[in-house]
Amino acid sequence: MPLSTNEYKQGLNKRESFLLSALARADKNIFTLADAKRIVKKNTKELMHSLIEKKWVLPLKRGLYVIVPLDVGVRGADSFIVHNFVIASNLVKRYYIGFWSALNYHGLSDQIPSTTFIATIQAKKPLRILDMEYHFVKLEENKFFATIEVEVERNKVKLSNPEKTIVDCLDHPEHAGGIDEVAKSIYFSHQELDFGKIKNYSDKIRNITVLKRLGYILEKTGLLEKYEFVFKAFIPSKGYAALDKLSPKKGKHNSKWGLLINREINPEGWMY
């Protein structure tokens, strides 16, 4: 026999109703314990415990909660799913969603990562929330730019734009599924990308390895001549950076691009 509302999602008392109404008016469907304390003042933890028990609120992590919409039904929090980007936008103040997550969002990769990658300016340990992994990538201040704001489930979320996503993935291919996934993204989407922006962003983050990896990928995919303007003033720095950070540091040295080729890029294999 199906559960009734009273049997599963219990009614609200006056304080609980007041809190949820106030949060809704403030457009805070995701809120912190501090937000709740500013509204109800006393016995906030006990109030939150009651709301969780009654399935009106879903805890995301310690001190962070989401209001379960009325249209979810009598099962309340037990049947409610929150988009991982919305959760990510509430985990750290200064952030943007990037790397493999942004590659997929922009349609540059058809692979859906099981981890949400979040760029931040402070180190933060990974989190697991509602069966999703959240990985934080600490970036220097000069790499924190070129973001866009999109709407996800009526929430504003920040992501890197397509060109900055490519640059970030070339900078840290280990957060993008590896260099092969980055290379595929560039090859199949190159006509949709602004390589002038990619060059400018590469210069701005001051990591020549980004251009090293990009040049090698374009050469291997037959696109170097089309985008050779990117490399007019290119001079590889001393030393050999690994092409792929996820592969063992073994392979051949490529002096043209200043790379240790520790992972083969084979475009013909992408067609099958």
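The values are calculated or read from the model by the stated rules, or taken from the named source; none is laboratory data. Here the structure is a predicted model, which is why all the values come from computation and not from measurement. Here the Cβ positions follow ideal geometry from the backbone for every residue, glycine too, while neighbour counts run over all protein chains shown.
Checked against the criterion of being surrounded by 20 or more Cβ atoms within 10 Å (Cβ to Cβ) and in contact with a Gly (Cβ under 6 Å, 6 or more places away or on another chain), region 171-184 has no qualifying residue.
Name the one entry in Ile97, Ile87, Ile121, Ile39 that is more than 28 Å from Lys197 (Cα to Cα) and touching a strand residue (DSSP E or B) at 6+ places or on another chain (Cβ under 8 Å).
Working: Ile97 fails: more than 28 Å from Lys197 (Cα to Cα); Ile121 fails: more than 28 Å from Lys197 (Cα to Cα); Ile39 fails: touching a strand residue (DSSP E or B) at 6+ places or on another chain (Cβ under 8 Å).
It is Ile87.
Taking the options Leu47, Leu33, name whichever one is in contact with a helix residue (DSSP H, G or I) (Cβ under 7 Å, 6 or more places away or on another chain), modelled with pLDDT of 90 or more and more than 20 Å from Val82 (Cβ to Cβ). It is Leu47.
Report those helices (runs of 4 or more DSSP H) wholly inside region 152-248 carrying at least 3 residues which are of a type in the set (Asp, Glu) and in contact with a helix residue (DSSP H, G or I) (Cβ under 9 Å, 6 or more places away or on another chain). Answer list for region 152-248: 162-171.
Criterion first (under 23 Å from the mean Cα position of the chain (by Cα), crowded, with 16+ Cβ neighbours inside 10 Å and not in a loop (DSSP other than H, G, I, E, B)) does Asn104 satisfy it? Yes; evaluated as a whole, the condition is true for this residue.
Condition check ((1) basic (Lys, Arg); (2) more than 30 Å from Ala24 (Cα to Cα)) across all residues:
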position: Ile118; (1), (2): no, no
position: Arg128; (1), (2): yes, no
position: Phe136; (1), (2): no, no
position: Leu139; (1), (2): no, yes
position: Asn142; (1), (2): no, yes
position: Phe145; (1), (2): no, yes
position: Asn155; (1), (2): no, no
position: Asp203; (1), (2): no, yes
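Hey, Ala146 hits all of (1) closer than 25 Å to Arg263 by Cβ; (2) surrounded by fewer than 24 Cβ atoms within 10 Å (Cβ to Cβ); (3) within 19 Å of the chain's Cα centre (by Cα) but one; which does it fall short on? In the conditions (1) closer than 25 Å to Arg263 by Cβ; (2) surrounded by fewer than 24 Cβ atoms within 10 Å (Cβ to Cβ); (3) within 19 Å of the chain's Cα centre (by Cα), Ala146 misses (1) alone.
Checking the structure you have, find out if any residue of region 159-178 is over 18 Å from Ser89 (Cα atoms), assigned by TED's automatic domain parsing to the domain that holds Ser237 and of a type in the set (Val, Ile, Thr). Yes: one or more hits.
Taking the criterion of being farther than 18 Å from Glu16 by Cβ, at pLDDT below 95 and buried (at least 17 other Cβ atoms within 10 Å of the Cβ), the only residue of region 61-89 that qualifies is Val82.
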